[in-house]
Amino acid sequence: MNTDDLLKRLDTDGIDNLSVVYHDYSGRACAKTIPKERFASVLSHGVVFARANLSFTVDDHQSADASFLAETGDFFAVPDPHSYVRVPYLDATARVHAFMCTEDGADWEGCPRARLKAIVDAYAAQGLSVRVGLEPEFYLLEHIAENEYRPVDRDGMFTLAGLERHYGLWKSVSDDLRDMDIVLEQFGKEYGPAQYEGTPLYNEPIRAVDHFLAFKDVIRARARETGRVVSFMPKPYAHLPGCGLHVHVSLWNEDGSAEITPGASDDQPLSETGGYFAAGLLKHARGLTGVGSPIVNSYKRLLPGSWAPVHVCWAVGNRAALVRVPGLGRRRHLEYRSGDNAANPFLFVTALLGAGLDGITNRLPLPAPVDTDVGHLTADQAAQRGLTFLPTSLPEALNAFETDEVLCETLGTVVATEFLKVKRSELAAYGLMVHPWEREMYLETI
Ligand code: GLU
Ligand code: MG
C-alpha cells in the first residue's frame, strides 16, 4: 500500500481521525491524532514531534545529561502505510505506525522502526530473510486502592475455566484482531493467577512487532472497558510468576519460500546457518539483556528455577535455557527467552537480529546444548559445566550493552547513547527511593 492507496482506504473506511504513532526508547506508544481534513498533508510530510521527547523517562522526567534539549529541533513521524489499521474499539478512528524522518524525508538514525528496517535489509543483502513471533505474558488485574491491584481470578494454569471466566473479553480481543487482519496463533491461561499469554502469528519482523503492539493495545482497551487493568510488567508480584516476552525467530531464504534454520535431520537440530545465528545470540546475550530486560523490575523476574533464564546456554525442548529450539521436526526454530515487555520491541528485535547476523558473518561456533534443567543447578555445578550468567541487575546489563560494539552499532549511536541515558536516569531515581520493604526490615530493628 502506498500513500495514495492509504488516502483512498481512509475514505472508504469512513475514518475521521488518524493516530500517527511512534514508540520511544522505553517502548511507550506516543502519538498525535490528525483530523481528516489534514490526512493528505500528514501522509506526505508526517507529524512534527520534538526530538527532546526521546530524552524522557516513562514518568516524564528528562534524563540527566539528555542529548536532546529544547534547541535540538524536531523529527517528522511519517506514516508507514503498511501498518494502517482501523481501530475497532474507537469510532471512525484508525492508527498508523510512523518512521521518524528528518525534514527532507530521509530516515532518521534515531528511529527504532528504521533501525529494524535497516537490519532486515542487512539480512536481505546476505540472501536471507527472517520471521519473528512475539509471545507476551500478562496479568489481568482489578484496581482495589490507590496503587494497589489484585489478580482477578485464581484459575489454574492452562485451565479451560480460566478462559471461560473471561470469555467475553477474549472474544472481543480475538474479533478485534481479526478485524485488523491480525492472525492470533493462540491464547491461553498461564501459570500465575489471572496470568495469560497470547501469540500473534509469526511474520516478517516489522509486521510481527506491529501485530504484537496491536495485541497489547487491543487487550488493554477491551479490559479497560470491563473495569480491569492489564499489566505486562515483568514481575508485578514477588511471589507470583513473572511475565516474559519470548521471541521466536526463524531464518528463511530471501523470498521466504524455504526455511533454513532446521538441520538436515532431527539428530542435527539446526542448520549450519541456524547454528551460527544461535551462537551469535549466545555471544551477545549479556548485552542483549540490557535492551530486552531494560528496567530494574526485569531482574526480579530472571531467577533460577522460574523458567525465565539466568544462564547463557541453549537446548532443545528445555524451558530453562536462554535459547530454546522448541522441539524437533517442524519446531526447529529459535526461541529467545530472557526478554520482557518493558523492552521497546523494535529495538529488542533489532538487537537480536544484529547479534544473530554477527554469528552468521563470523561463522561463530555453537557450543554443545545443555541437557538438564539448568534452573536448578547450584553455582558450583553451573561453573563445572562452564556456564556463564546473564547480568543479574540493570546496571550490569546496561554496562554489558554499552561495551558490546556490535549491538551498539546495530542500534546506531543516537539510539544507543540516548537509550542508556534514559535508562540510567530511571535507575538513579530508583536508587534514591526508600521502598516499603526497607521500612519493614529496618525501621524498628536497627
Ligand atoms: N513466565 C515465565 C517467564 O517469565 C515463562 C513461562 C513459560 O515458559 O511460558 O519467562
Ligand atoms: Mg508462557
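The values are calculated or read from the model by the stated rules, or taken from the named source; none is laboratory data. Predicted model, so just to flag it, every value in this text is computed and none were measured. Note that each Cβ is placed from the backbone with ideal geometry, even for glycine, and that neighbours are counted across all protein chains shown. Heavy atoms of the whole protein, side chains included, go into the accessibility calculation; ligands, DNA and RNA do not. Shrake-Rupley method; radii C 1.70, N 1.55, O 1.52, S 1.80 Å.
Quick notes
- Of the residues making up the stretch 257-306, those that are of a type in the set (Gly, Ala, Ser), more than 16 Å from ligand 1 (Cβ to nearest atom) and either buried (at least 21 other Cβ atoms within 10 Å of the Cβ) or within 15 Å of His246 (Cα to Cα) (or both) are Gly274, Gly275, Ala278, Ala279, Gly280, Gly287, Gly290.
- If you go through the stretch 49-71 and keep only what is within 20 Å of Val21 (Cβ to Cβ) and not charged (D, E, K, R), you end up with Phe49, Ala50, Ala52, Asn53, Leu54, Ser55, Phe56, Thr57, Val58, Phe68.
- Candidate set: the stretch 57-112, residues that are outside any loop (DSSP other than H, G, I, E, B) and polar (S, T, N, Q); chosen: the one farthest from Ser172 (Cα to Cα): Gln62
- Residue under evaluation Gln381, criteria (1) within 21 Å of Pro294 (Cβ to Cβ); (2) without any contact (Cβ under 8 Å) to a residue 24 or more places away in the chain; (3) not basic (Lys, Arg), criterion not met: (1)
- Long-range neighbours under 8 Å by Cβ, at least six apart or interchain, first residue under 11 Å from Pro193 (Cα atoms) within the stretch 149-169, second open to solvent by less than 100 Å² (accessible area, probe 1.4 Å) and of a type in the set (S, T, N, Q): Pro151/Gln195
- Subset of the stretch 153-193 [more than 16 Å from ligand 1 (Cβ to nearest atom), in contact with an Asp or Glu (Cβ under 7 Å, 6 or more places away or on another chain) and of a type outside the set (A, V, I, L, M, F, W, C)]: Arg165
- For the condition among the hydroxyl-bearing types (Ser, Thr, Tyr) and within 16 Å of ligand 2 (Cβ to nearest atom), Ser231 qualifies.
- Taking the conditions (1) loosely packed, with under 15 Cβ neighbours inside 10 Å; (2) of a type in the set (D, E, K, R); (3) in contact with an Asp or Glu (Cβ under 7 Å, 6 or more places away or on another chain) in turn, Glu148 satisfies each one other than (3).
- Selection count, the stretch 19-53, where residues are part of a strand (DSSP E or B) and free of Cβ contacts under 8 Å to residues at least 24 places away in the same chain: 3
- Among the candidates Thr57, Thr93, residue that is of a type in the set (Ser, Thr, Tyr), within 21 Å of Leu213 (Cα to Cα) and open to solvent by less than 10 Å² (accessible area, probe 1.4 Å): Thr57
- Of the residues examined, Ala238 is one that is farther than 27 Å from Thr93 by Cβ and away from ligand 2 (no atom under 15 Å from the Cβ).
- Listed conditions (1) buried (at least 17 other Cβ atoms within 10 Å of the Cβ); (2) in contact with a helix residue (DSSP H, G or I) (Cβ under 8 Å, 6 or more places away or on another chain); (3) within 25 Å of Ala208 (Cα to Cα) are all met by Ala77, apart from (2).
- Some residue of the stretch 124-143 being at positive phi and either free of Cβ contacts under 8 Å to residues at least 40 places away in the same chain or within 16 Å of ligand 1 (Cβ to nearest atom) (or both): no
- Residue in the stretch 202-211 that is surrounded by fewer than 18 Cβ atoms within 10 Å (Cβ to Cβ) and either more than 22 Å from Tyr139 (Cα to Cα) or within 14 Å of ligand 1 (Cβ to nearest atom) (or both) present: yes
- Selection status of Asp210, out of contact with any strand residue (DSSP E or B) (no Cβ under 8 Å at 6 or more places or on another chain) and away from ligand 2 (no atom under 16 Å from the Cβ): no
- Pairs with Cβ under 6 Å, 6+ apart, first in the stretch 54-65 and under 11 Å from Asp24 (Cβ atoms), second open to solvent by 70 Å² or more (accessible area, probe 1.4 Å) and not in a loop (DSSP other than H, G, I, E, B): Ser55/Gln62; Phe56/Gln62
- Any hit, the stretch 167-177, residues being open to solvent by 10 Å² or more (accessible area, probe 1.4 Å), away from ligand 2 (no atom under 16 Å from the Cβ) and either under 20 Å from the mean Cα position of the chain (by Cα) or among the β-branched types (Val, Ile, Thr) (or both): no
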